[in-house]
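Here the structure comes first, spelled out in structure tokens, and everything after it is commentary.
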Amino acid sequence: MKKSLMAVALVGAFAGVAHAQTAVQIYGTIDAGLQKRSNQTLSIGKRASNTLGFKGTEDLGNGLKALFQLEIRYEPDTGTNESGGRPLFQGQSRVGLQGDFGMVRIGRGLTPYQETVGAFEPFHALPHQAGFYTDLAVAGYTSAPLDPSVNSNNRWANAFWYNSPVVNGFQVNTAIATKENNGGPAIGTQYPVGAQASANPFSATATYNNGPAAVMLGYERNAVESKVMSIGATFNVTPELKLLALATRHKQDNIRFTLPAGSGPRTKAWVLGANYTMGPGKILAGYGRKEPDNSFETKQMSLGYEYSLSKRTYVYADASRKDGPQTQATRNVDAKINFYTIGVNHSF
Amino acid sequence: MKKSLMAVALVGAFAGVAHAQTAVQIYGTIDAGLQKRSNQTLSIGKRASNTLGFKGTEDLGNGLKALFQLEIRYEPDTGTNESGGRPLFQGQSRVGLQGDFGMVRIGRGLTPYQETVGAFEPFHALPHQAGFYTDLAVAGYTSAPLDPSVNSNNRWANAFWYNSPVVNGFQVNTAIATKENNGGPAIGTQYPVGAQASANPFSATATYNNGPAAVMLGYERNAVESKVMSIGATFNVTPELKLLALATRHKQDNIRFTLPAGSGPRTKAWVLGANYTMGPGKILAGYGRKEPDNSFETKQMSLGYEYSLSKRTYVYADASRKDGPQTQATRNVDAKINFYTIGVNHSF
Amino acid sequence: MKKSLMAVALVGAFAGVAHAQTAVQIYGTIDAGLQKRSNQTLSIGKRASNTLGFKGTEDLGNGLKALFQLEIRYEPDTGTNESGGRPLFQGQSRVGLQGDFGMVRIGRGLTPYQETVGAFEPFHALPHQAGFYTDLAVAGYTSAPLDPSVNSNNRWANAFWYNSPVVNGFQVNTAIATKENNGGPAIGTQYPVGAQASANPFSATATYNNGPAAVMLGYERNAVESKVMSIGATFNVTPELKLLALATRHKQDNIRFTLPAGSGPRTKAWVLGANYTMGPGKILAGYGRKEPDNSFETKQMSLGYEYSLSKRTYVYADASRKDGPQTQATRNVDAKINFYTIGVNHSF
């Protein structure tokens, strides 16, 4: 044997990964369009989340698979990481195992509650202002109150996921996070900068699907012990027409901090919607309300249209009207905001 | 049907993207070498921009294609994003459609003016100190004065591009940006922090190419209403010898802010150059001047040599002398700077 | 010829890279698990470094190859760049040439000293608290004292590498860095913010491998003229059992700054270990000491187990006890820290 240790290492670094090209799948989305919001200049922005992802699976035998997924999120209008400062792999960074028992994963990603709720609101979980996903669908709840403020509200770092297999149409999805501080700001007096969670964040959903109809129950408790609960249903009246309904209760009355303005200790919300498919076209329609105790209610009405140019590319147009407190910037202002967008969405 | 909604979603997440490997192309450049600049220590740096990109097209039928391109820029000597803090996809992040009508794209990228000018200066748009691209070729003009100061000077966020098809050798390339603020610093009193553009930035070029000769006209107006205009030509005297000429006028007299030291309300600049090919070798030579009203002029003379080791790899050596104000750091100093570099450029 | 310059450029941008998919290899690692450290909450973290890399080679003929490697490092538990703020390509960003003469590379990467030492400690260069790599193996030495403080301690930016070929089992690996400042903080009075290196950082190792046995000698001098020297050996007693030994001297007595608390002008350290393979399982065991002049010593004992589920995936469990000053946070505290972890490591 004539090769030294270092030679082996260096050869390995450049030659030993012929498997890589078959093991890693690159995928993603780029979505950009024109947007006009009341009292704001015409802007270019996104409707869907924009991703560039890397993922793969490895067959371990006996029906067992190892899997990983790393997903960059970005803003196509400025080229930055999502929102300018979110983690590189904002979409997710998880590794796990899948088998007859279901799937276990560890890392960072969407909570089971947030992931499931997205399938029961009429704008297919778009984080866009015309959709209901990030506000009314979850009654203003945030999954990650102790994360850095630029982070998204529906993901957990430092967590462990379990998804059951589907048995007779039933599935259970759960996650639990550690109490680790993730570098977020102070929340009231109970959670100063650097505070750990006062309880392990926990999230669970149960879904049942018999083909035309699907129902779900979801529950989650975050790091500051706020709780949220949702019940949702979808029903395909015909193959073209799908109706969706979602009701949510958000409870933050056990937290010893001053509630954000515009929110109450308990908030109720509901969203009704419909999707109607006409050949390559699809109409999305929804109406919802969010009603905090002791504060202003929010009403939202949205209408969208998607037209597929191919399996991977569609153009869209949305119109939406939101009446009431809706973002940090407009809290306490009972503003009526009209919002319009047209754009293109391309998957790869 | 035994599968629930979530099961479908999870299977989709790991199995439904067999197309991905054919759809996404990975490409890039890595360029690094030794550099010596008057009064500075020997350093390692780049000559060309360094990229790691992801792009793809999708055939939509009827001659129509959807396309996207996401391009990371980085510094190979330190491993950071370009300049340490530029957006992840500093190169570009655009999605669009291409057909008989030409190409439309939306997102962030090089302006048509900046892209076209780069083809008419003798160092093929290198951002390097030995080249003319970022200073003399554009008479000190910046495309993005309201962007964060670390950003590059030749790109637009929040813009829309149109490139015509080539008809009888003619092509037109245009872009228009929204007035959105992109998080830049204050510029004088008219543009405080967070200010929007006072007019929509607009850029256009027209090119004509009959084979041995090419000419171009370029115009651009930025977010603070500075204007730049260039006329350029290239001529292949023989297949080996190409001559290049470029003249530029930069006008910033309608801006209500104090001009940067070392610049005047109007600046004229011109660059003359030649490229001479000898088998795998290529000589690049150029001379140029930048003459602001009421301020110091800058003269630059550069000589470069590139030697191809293959289709994708070449080594290079440059020598350059710049006499006059040239960067923010040396403004108002009538310094003579000698600059030398040798290095390697590899494309993949 | 009907195509203009711009048309050529744009076509090139979308069509001319059919070679890319064969040229670029994507590879990486994702490693995550549960960790419990004395006096800290249960957390999710990594044991191995997590990478997502892009690399390739190009045959230049005559046995010469061009090569590049760009390696993202990240934290799977939070999705951020490594340690939240390290360079995008923290792993490495290098371009070079390889041939009969060996390999030359330029850019940023692990120093030869740090790379070689990693092969002679029993936890295969894991940066993990149960391993010896980042502290006892190098006697607390840092390769990059003038780098930003978030950066890792074993890499050089702005450097040039040479690895010899392996001749009769012998190999030499060297690197030299420029004196460029890399944006780090002040180090004592001699090295204020923005200070350049007072000497060119230099690193060299020599290795000899005759099959069952390997030995190495390593030396490095960093930007503040601290010096480190190691001698190491490994011996395969049987194919299953490998013994490892490493001794290191770290000298920082020629530096005119106040030494960090818990370190002395000279530090001695040694690590003894064994790896024992049992089918798909492997036991890692090590014991080491670090003894600074005039300060507290550190003792560490670690035991690990790795079980391969496949060629690319293994699970692991470690237990470690460290007695003495060991991190910035615990310096001057003669703390006994127990550390346990279980997790999964997947390569792709």
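Nearest 20 debye, what's the magnitude of the dipole of chain A about its Cα centre given +1 on Lys and Arg Cβ and -1 on Asp and Glu Cβ?
200 debye
From largest accessible area down, sort B:LEU146, C:LEU217; use a 1.4 Å probe on the protein chains.
C:LEU217, B:LEU146
Could you compute the net charge surrounding A:THR41? Neighbours are other residues with a C-beta less than 15 Å from the C-beta of A:THR41; K and R count +1, D and E count -1.
Here the count lands on +1.
Taking Cα atoms of the stretch B:25-68, Rg/Rh with Kirkwood Rh, to two decimals?
1.38
Using 1/(1 + (r/R0)^6) with R0 = 22 angstrom and r between the beta carbons of B:ASP100 and B:TYR219, what's the FRET efficiency to the nearest 0.05?
0.25
Compute the signed sum of charges (Lys and Arg +1, Asp and Glu -1) over the other residues within less than 12 Å, Cβ to Cβ, of A:ARG86.
-1
Quote to one decimal, in nm, the extra length available between B:ILE342 and B:LYS36 on full extension: 0.36 nm per residue of separation minus the C-alpha distance between them.
Between B:ILE342 and B:LYS36, full extension yields 109.2 nm more.
Ignore the peptide's own chain and count Cβ atoms of other chains within 10 Å of each Cβ in A:66-74; give me the average, rounded.
6
What accessible surface, in Å², does a 1.4 Å probe find on B:THR178, ignoring ligands, DNA and RNA and rounding to the nearest 10?
Result for B:THR178: roughly 20 Å² accessible.
Taking the Cα atoms only, what angle lies between the long axis of helix A:5-15 and the longest principal axis of chain A, rounded to 10 degrees?
50 degrees
Note down the magnitude of the dipole of the protein assembly as shown about its Cα centre, charges +1 on Lys and Arg C-beta and -1 on Asp and Glu C-beta and zero elsewhere, to the nearest 20 debye.
The dipole magnitude comes to about 200 debye.
For the stretch A:84-145, report the translational diffusion coefficient in µm²/s to the nearest whole number, using Stokes-Einstein at 20 °C, 1.002 mPa s, and a Kirkwood Rh over Cα pairs.
Translational diffusion coefficient: 159 µm²/s.
Cβ neighbours within 10 Å, averaged per peptide: list A:290-298, C:66-74 in order, most packed at the top.
Descending mean neighbour count gives C:66-74, A:290-298.
Between beta-carbons, use under 12 Å as the cut-off and find the net charge around B:ASN294, counting Lys and Arg +1, Asp and Glu -1.
Net charge around B:ASN294: -3.
In peptide B:201-213, how many Cβ atoms from other protein chains are near each Cβ within 10 Å, on average?
Mean shielding by partner chains, rounded to a whole number: 2.
Relative contact order of chain C, please, whole-number percent, based on alpha carbon pairs below 8 angstrom and at least 6 residues apart.
14 percent
Three principal axis extents, largest first, for the C-alpha atoms of the stretch C:25-347, in Å?
57, 54, 40
Considering only protein heavy atoms, what is the solvent-accessible area of B:ARG249 at a probe of 1.4 Å, reported in Å² to the nearest 10?
So the heavy atoms of B:ARG249 present about 120 Å² to solvent.
Over all residues in A:158-164, what is the mean tally of Cβ atoms on other chains that come within 10 Å of each residue's Cβ?
Shielding by partners across A:158-164 averages 3.
Beyond 21 Å between alpha-carbons counts as too far, so tell me which of C:LYS251/C:LYS290; C:LYS242/C:LYS268; A:LYS55/C:LYS55; C:LYS179/C:LYS290; B:LYS227/B:LYS290 fall in that bin.
C:LYS242/C:LYS268; C:LYS179/C:LYS290
Using a basic spin-label model with each label point 7 Å from the Cα along Cα→Cβ, how many nm lie between A:TYR307 and C:LYS268?
It is 8.1 nm.
How would you order A:126-134, A:194-202 from highest to lowest mean count of nearby Cβ atoms within 10 Å?
Output ranking for A:126-134, A:194-202: A:126-134, A:194-202.
Label position 7 Å from Cα toward Cβ: report the copy-to-copy distances for A:ASN294 in nm, one decimal, ordered from shortest.
Distances to the matching label points in the other copies: 6.2, 6.2 nm.
For A:GLU115, C:GLU75, write out the residues from largest to smallest accessible area, computed with a 1.4 angstrom probe and no ligands counted.
If we order A:GLU115, C:GLU75 from most to least accessible, we get A:GLU115, C:GLU75.
Under 20 Å from a point 7 Å along the Cα-to-Cβ line of C:SER149: which residues of the stretch A:176-204 have their amide N that close?
Label zone hits: A:182-185, A:193-195.
Working from the alpha-carbon coordinates of the stretch A:143-207, get Rg over Rh, Rh being the Kirkwood radius.
Here the Rg-to-Rh quotient is 1.10.
When the C-alpha atoms of the protein assembly as shown are aligned to their principal axes, what extent does each axis show, in angstrom, from largest down?
77, 73, 50
With chain A treated as a Gaussian network of Cα nodes joined by springs under 10 Å, which of A:LYS242, A:LYS311, A:LYS36 yields the largest mean-square fluctuation?
Ranking A:LYS242, A:LYS311, A:LYS36 by mean-square fluctuation puts A:LYS311 first.
Name the residue from A:PRO280, A:PRO87, A:ASN168 whose Cα lies farthest towards the positive end of the charge dipole of chain A, charges +1 on Cβ of Lys and Arg and -1 on Cβ of Asp and Glu.
Working it through, the farthest residue towards the positive pole turns out to be A:PRO87.
Kindly provide the helix-only [θ] at 222 nm of chain B, computed as the sum of -39,500 (n - 2.57) over DSSP H runs of four or more divided by all residues, to the nearest 500 deg cm²/dmol?
Calculated at 222 nm, the ellipticity per residue is -1500 deg cm²/dmol.
How much of B:LEU110 can a 1.4 Å solvent probe reach, expressed as accessible area in Å² and rounded to 10?
Solvent-accessible area, nearest 10 Å²: 40 Å².
The values are calculated or read from the model by the stated rules, or taken from the named source; none is laboratory data. Remember, it's a predicted structure, so these values are computed and weren't measured experimentally. Note that each Cβ is placed from the backbone with ideal geometry, even for glycine, and that neighbours are counted across all protein chains shown. Side chains are part of the model used for accessible areas, which takes the heavy atoms of the whole protein and leaves out ligands, DNA and RNA. Shrake-Rupley method; radii C 1.70, N 1.55, O 1.52, S 1.80 Å.
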